[in-house]
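Have a look at the structure below before the remarks.
What follows draws every value from the coordinates through simple rules; no lab data is involved. No experiment lies behind these values; they were computed from the predicted model shown. We place every Cβ from the backbone using ideal geometry, glycine too, and count neighbours over all the protein chains shown.
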């Protein structure tokens, strides 16, 4: 009888563990997969695009992200997919800098140039080339809109 109860408990614990694992996986997928088709039109980071935008007097937003960065995924899913943010982003040159390969020479050059120490980092640069805001971590759409409006 004791072995039957013990085996029953172990079996229930395993089932609970598997169920909890699936629930955790579902939550992770929810945060990683962007919602809908709405998103900002990003330019891949290129120093020439950045310098040209400065010379043309255009405000810039640069999103420094990494594929392994969960808050970066949250920004994409919750902030950068907001229709108001998308609409206002059309007044900026929007640049995404992929910092996933942290040990590469190219990533190191970008990190040194912009003093990037972690992801996500979002820089808001005005039309004169002055850094107005440096955001680190997740910011919701309402907060991000306020910051964008100050820059434009």
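Hey, fewest Cβ within 10 Å first, where do 38, 98 land in order?
Exposure proxy ranking, most exposed first: 38, 98.
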Legend entry - Fewest-first sequence of 142, 82 by Cβ atoms within 10 Å of each Cβ: 142, 82
